[in-house]
Every structure is written in structure tokens, then in C-alpha cells.
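Engineer: Below you'll find the structure I mean.
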Amino acid sequence: MTAFILFFVMRLNGVEDAGLFSIASALAYQALTIGLFGVRNYQAADVRFRYSFKEYYVLRILTSALMYGVVVYYAFFQGYSPEKAAVIFSFSLFKSIDALEDVYQGEYQRKGRLDLGAYLQTIRYGISLAVLILLLFCVHDLSVCFLAASVVSLGIFYFQNRHLIKEFTNRKSKLRMDRLKDLLIATLPLCLATWLNIYILNASKYSIDKVLSPEMQAYYGTLVLPVFTINLLASVMYRPYISGLAEDWKSGNRDRFLKGCFQQLVVIVLLPAGISLFGWLIGLRLLSWLYGINLSSYMVPFLLLLFGGGLNTLAVFLTVVLTILDRQNVIFLGYVLSFLFCAAFSDSIVAASGLTGAGLVYAAASGILCIVYVGFLMHFLGKTKSALK
């Protein structure tokens, strides 16, 4: 969605507005992690209904209220101009509806109807995006367009789910405050880990916002788009094998588990390498043509971002392996170390080296995750192998 909107903003409003949108989208997704609170996978896996939909719903109301407070802070208490604050606030409202809808989709999923949630979300996205693009053609005011699209998106969400959810829930269930508290405690680490991950991914954007211009923000936002292609394609390739890898480990079939992990690692290494080669040959020219800007002088940061995207994809796969091994604490440790690096050095590196520095920060942050996770996996698997002898 972000790439789609960025394309139209760049073409219809120009580079400066594209830069405003780029930082607005980063802050919106950062705030969204608080609204979502890492609950979705937890809710979908709760097939024994330890917690009722009412408890998930009330928790989402609380986290959404906190999210809106963070949105207000991001927009109006960081010294931004009124125009920039309005764009950040309005796009954050547009994205916040995802948090409201997500708890309904989670309930459909744990009742075996994941397809229903995807179908409804596709309709909402399609209509609201069509309205947004039409308004951009007519108005060219980002904040007005995002606010109007938010109203449309909220209305679609409400009318789609208000009656349907009643078919999937027990209306006689009562809210238990002790369970709500337990649910909050159980999902808080998931929220913190997701928040740190999004911060790490957007650290360069935050630094560009502080020390460079909106035009540089727009260029960076365009250069980083292929990175999401790497992550998406890799996840599609390895996700079907997760259950098999988990079963091999739990059943004690260590050799088959390691062989399966190695096969997926080969794919994860070759895929970014292929995309980076394509990016070096024609990818940058293709982006320049598509978005109508000259990116020819940014080959080095572009390749750094692609390399960082490969490292980030590897790190994400390693978190899956660590989860199978029931070592989630190491995942959080990796995020914390990478976050500390970004918080300490990102601004100075970007100020000194511009977009090349931004690419370097992204690659280094992802590299830290890989080093932590690879190091621990080698240590843990080595100990396991010794114990089996």
C-alpha cells in the first residue's frame, strides 16, 4: 500500500510532498504497532478459547486509545510545521483503522475463516485507496485526502463487521478483568519486540527527517521499496516449511531439521543476491522511470539497502528458527542491541554521509541481528549436539 500511495503522491504532488508522506508513513506504522500490540498471532493461536473475544476487544480498545495518544505526540509535540503535523496525523488516522479491524480478523481466523478477514480487508483497502487517489487528483492536499479516506475506510469497516462478528462470538460471555490483565501481560513482550523491529527498519528515515531535507526523504523512500520485495518473496518461500521444521525438531529428528534449515538459508541467500544483481543492472533506472525522479547518483545507498534487506530477511528467518527452539528471549536481545546502535549512531552517520549513511545504518542494524542470532544458534546447537553424544 505504501509504495502505491507514494507513486501517486510523487507523480501528482512532487518530491517534497513525497518526502512528507515517507516520514508520515514511518511514524504511522510505528504507532500502529502499539494499537496492534502483537495480539493477532496470539489470538489466532488461542484455539482453545482461553480468552474470549470480549477480552481481546476491550484490550484492543485500550491499546488503540494509547496508539492515538502516541499519534498526537508524534504529530504535534516534535516541533513540526503545521502542514507536516497535519500530514502525519491524518495518515496515522488512516492506518489506525487497521488496528481496529485486526481484532475482528483475529476472531474470524481462530474460527477457521482467515479467508473471510482477507476478503473484507481487500474490499476496504480497495475502496479507500480508490477514494484517496481520486482525491489526490482533485485536491492535492495530503492531509485533506487522508482524512477523507479515513472516514470512508472507517465506515466500510463498521458496516462490514458490525453484524458479521455476532455470528462468530458468544454474546453471553462476560468480561473478566483478571483475564484481561493476564492477556495484557502475555502480549506486552510481543508489542515491545514489534515496536523495536519497526524502529530499527525506520531508523534511517527518522535520521533523514532530523538532518536532511524532505527531498532526500522522498529519494530514500523510493530506494528502499525493493527491500520489501526481498522480505515478501523470502517469507512466501520459507513460511510453508515452518510447521515441518518445528515437527522435525520436536520429534528429535535433528539431522532433518538442520538439513531443512540449510536449504531455506540457501534460498534466502540466493534470492537477495539475485535481486541485488537485478538492481545493479537495471533496477535503479527502473525506479527512476517509474517514480519520475533521477536516482542515478544513488547506486551505493541503493545497493547497501538491498544488502541490508538480505540481512534483515536472514534475521527474520533466524527468529523463526529460534522460536521453534523456544529461545524467544534471544530474539528480544537482538532487537535491543540493534535498537541501541540505531539510537546512538544513526543521526551522526546520516548527517556525515547522507543517503549512503542511511543505507549503511540499515545494513548495520540488520547485520547486528544476524550476528546475535547466528552466534547463539551455533552455540545452542553445539551444546545440543554434545549432549546427544
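Engineer: Given (1) in contact with a helix residue (DSSP H, G or I) (Cβ under 6 Å, 6 or more places away or on another chain); (2) open to solvent by 20 Å² or more (accessible area, probe 1.4 Å); (3) modelled with pLDDT under 90, where does ASP178 come up short, assuming only one miss?
Structural biologist: (1)
Engineer: Could you pull out the residue among LEU232, LEU196, LEU223, LEU212 that is modelled with pLDDT of 75 or more and within 13 Å of the chain's Cα centre (by Cα)?
Structural biologist: Only one candidate passes the filter, namely LEU196.
Engineer: Okay, moving on. Can SER90 be described as on the phi < 0 side of the Ramachandran plot and in a helix (DSSP H, G or I)?
Structural biologist: yes
Engineer: Please give the number of the condition LYS95 fails out of (1) over 30 Å from LYS172 (Cα atoms); (2) over 17 Å from the mean Cα position of the chain (by Cα).
Structural biologist: Result: LYS95 passes all but (2).
Engineer: So, one more: May I ask you to verify whether VAL9 is part of a helix (DSSP H, G or I), more than 28 Å from ILE165 (Cα to Cα) and open to solvent by less than 20 Å² (accessible area, probe 1.4 Å)?
Structural biologist: Here the answer is yes, as VAL9 does meet what is asked.
Engineer: Which of the residues that make up the range 12-22 are surrounded by fewer than 24 Cβ atoms within 10 Å (Cβ to Cβ), touching a residue at least 24 places away in the same chain (Cβ under 8 Å) and under 12 Å from PRO214 (Cβ atoms)?
Structural biologist: ASN13, VAL15, GLU16, ASP17
Engineer: Still on this structure: Check CYS370, CYS342 and return the single one that is part of a helix (DSSP H, G or I) and modelled with pLDDT of 95 or more.
Structural biologist: Every option except CYS342 fails the conditions.
Engineer: Looking at the range 325-376, which of the residues that are among the aromatic types (Phe, Trp, Tyr) and closer than 25 Å to TYR298 by Cβ is nearest to the chain's Cα centre (by Cα)?
Structural biologist: Per the stated criteria, the residue is TYR362.
Engineer: Looking at ARG113, ARG124, can you tell me which residue is open to solvent by 40 Å² or more (accessible area, probe 1.4 Å) and within 28 Å of PHE4 (Cβ to Cβ)?
Structural biologist: ARG113
Engineer: Quick one: is PHE157 buried (at least 18 other Cβ atoms within 10 Å of the Cβ) and over 17 Å from SER25 (Cα atoms)?
Structural biologist: yes
Engineer: What number of residues within the range 23-79 satisfy the criterion of being part of a loop (DSSP other than H, G, I, E, B) and open to solvent by less than 70 Å² (accessible area, probe 1.4 Å)?
Structural biologist: 5
Engineer: Give me a count of the residues in the range 287-301 that are part of a loop (DSSP other than H, G, I, E, B), in contact (Cβ under 8 Å) with a residue 40 or more places away in the chain and open to solvent by 20 Å² or more (accessible area, probe 1.4 Å).
Structural biologist: So the answer is 1.
Residue by residue, here is whether (1) closer than 25 Å to GLY354 by Cα; (2) open to solvent by less than 20 Å² (accessible area, probe 1.4 Å); (3) of a type in the set (Val, Ile, Thr) holds:
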site	(1), (2), (3)
ASP182	no, no, no
THR187	no, yes, yes
ASN197	yes, no, no
PHE228	yes, no, no
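Engineer: Could you give me the residue pairs with C-beta distances under 8 Å whose first residue belongs to the range 161-175 and is under 18 Å from ASP102 (Cβ atoms), whose second residue is of a type in the set (D, E, K, R) wherever it lies, and which are 6+ apart or on separate chains?
Structural biologist: ASN161/GLU101; ILE165/GLU107; PHE168/GLU107; PHE168/LYS111; PHE168/ARG113; THR169/LYS54; THR169/GLU107
Engineer: Oh, and also: Can you tell me which residues in the range 80-92 are over 17 Å from the mean Cα position of the chain (by Cα) and buried (at least 21 other Cβ atoms within 10 Å of the Cβ)?
Structural biologist: ALA86, VAL87, ILE88, PHE89, SER90
A quick yes/no check of all residues on (1) assigned to a helix (DSSP H, G or I); (2) in contact with a Pro (Cβ under 9 Å, 6 or more places away or on another chain); (3) within 30 Å of ALA31 (Cβ to Cβ); (4) of a type in the set (Val, Ile, Thr):
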residue	(1), (2), (3), (4)
TYR206	yes, no, yes, no
LYS210	yes, no, yes, no
ALA218	yes, no, yes, no
PRO226	yes, no, yes, no
GLY244	yes, no, no, no
TRP249	yes, no, no, no
ASP255	yes, no, no, no
VAL266	yes, no, no, yes
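Per-residue answers, yes or no, for (1) in contact with a Leu (Cβ under 9 Å, 6 or more places away or on another chain); (2) open to solvent by 50 Å² or more (accessible area, probe 1.4 Å):
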{"position": "SER235", "(1), (2)": "no, no"}
{"position": "GLU247", "(1), (2)": "no, yes"}
{"position": "SER251", "(1), (2)": "no, yes"}
{"position": "CYS261", "(1), (2)": "yes, no"}
{"position": "LEU277", "(1), (2)": "no, yes"}
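Engineer: Moving on to the next point. Suppose we filter the range 119-175 for residues that are of a type in the set (D, E, K, R) and part of a loop (DSSP other than H, G, I, E, B); how many remain?
Structural biologist: Qualifying residue count for the region: 5.
The values are calculated or read from the model by the stated rules, or taken from the named source; none is laboratory data. As the structure is a prediction and not an experimental result, all values here were calculated from the model. Every residue, glycine as well, gets a Cβ built from its backbone with ideal geometry; the counts of neighbours run over all protein chains shown. Ligands, DNA and RNA are excluded from the accessible area calculation, which covers all protein heavy atoms including side chains. Shrake-Rupley method; radii C 1.70, N 1.55, O 1.52, S 1.80 Å.
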